[in-house]
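Below: one structure, written as structure tokens.
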Amino acid sequence: QVQLVESGGGLVQPGGSLRLSCAASGSIFRIGAMAWYRQAPGKQRELVARITSGGSTNYADSAKGRFTISRDNAKNTATLQMNSLKPEDTAVYYCNADAMSGRWSLWTDYWGQGTQVTVSS
């Protein structure tokens, strides 16, 4: 199995920045795409940003120009740099990864436990 652990959430004022990190551990044979999702109270979980193993990225319209996703394949980590944060960015942010836990395993969707981001003055 693969475990994902997020860190870096917290309380920040509007206009501020936060950097979220996601570390994958456990039985890892290969990690494919990694992504950040978020879920605000009363809303559905939505994709924020995604990065392939080759480094190709895509962003939600709300994140373009403000957020940057990156990864370190050697360390099995992904980060989300969030700048110019707005109150509407407040949500629980989840790390997601497609991974194989063994050479003969199927690709499986894994999720972290989430980290709270609150943007408020």
### Query
What residue, among those in the stretch 46-55 that are within 15 Å of the chain's Cα centre (by Cα) and farther than 17 Å from P87 by Cα, is most open to solvent (accessible area, probe 1.4 Å)?
R50
### Query
Restricted to the stretch 23-51, and to residues that are modelled with pLDDT of 95 or more and basic (K, R), which residue is nearest to T108 (Cα to Cα)?
R50
### Message
So for the stretch 18-37 (the condition being on the phi > 0 side of the Ramachandran plot and polar (S, T, N, Q)), does at least one residue qualify?
### Response
no
### Query
Only one of L80, L85, L20 is open to solvent by less than 30 Å² (accessible area, probe 1.4 Å), outside any strand (DSSP E or B) and either within 16 Å of Y110 (Cα to Cα) or not basic (K, R) (or both); which?
L85
### Query
Out of all the residues in the stretch 57-77, which are of a type in the set (G, A, S) and open to solvent by 10 Å² or more (accessible area, probe 1.4 Å)?
A60, S62, G65, S70, A74
### Query
Has the stretch 98-109 got any residue that is aromatic (F, W, Y), out of contact with any Asp or Glu (no Cβ under 6 Å at 6 or more places or on another chain) and not in a strand (DSSP E or B)?
yes
### Query
Which of the residues spanning the stretch 23-45 are charged (D, E, K, R) and open to solvent by 30 Å² or more (accessible area, probe 1.4 Å)?
R30, K43, R45
### Filter result (in contact (Cβ under 8 Å) with a residue 24 or more places away in the chain and of a type in the set (A, V, I, L, M)) within the stretch 39-72
A40, V48, A49, I51, I69
### Task
Would you be able to tell me the number of residues in the stretch 73-95 that are under 13 Å from the mean Cα position of the chain (by Cα) and without any contact (Cβ under 8 Å) to a residue 12 or more places away in the chain?
0
### Task
Can you tell me which residue among T115, T108 is in contact (Cβ under 8 Å) with a residue 12 or more places away in the chain, surrounded by fewer than 17 Cβ atoms within 10 Å (Cβ to Cβ) and not small (G, A, S)?
T108
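The values are calculated or read from the model by the stated rules, or taken from the named source; none is laboratory data. These numbers were taken from a predicted model, which means no experiment stands behind them. In this analysis, Cβ positions are derived from the backbone assuming ideal geometry, glycine residues included, and neighbour counts consider all displayed protein chains. SASA here: full protein model, heavy atoms, side chains in, ligands and nucleic acids out. Shrake-Rupley method; radii C 1.70, N 1.55, O 1.52, S 1.80 Å.
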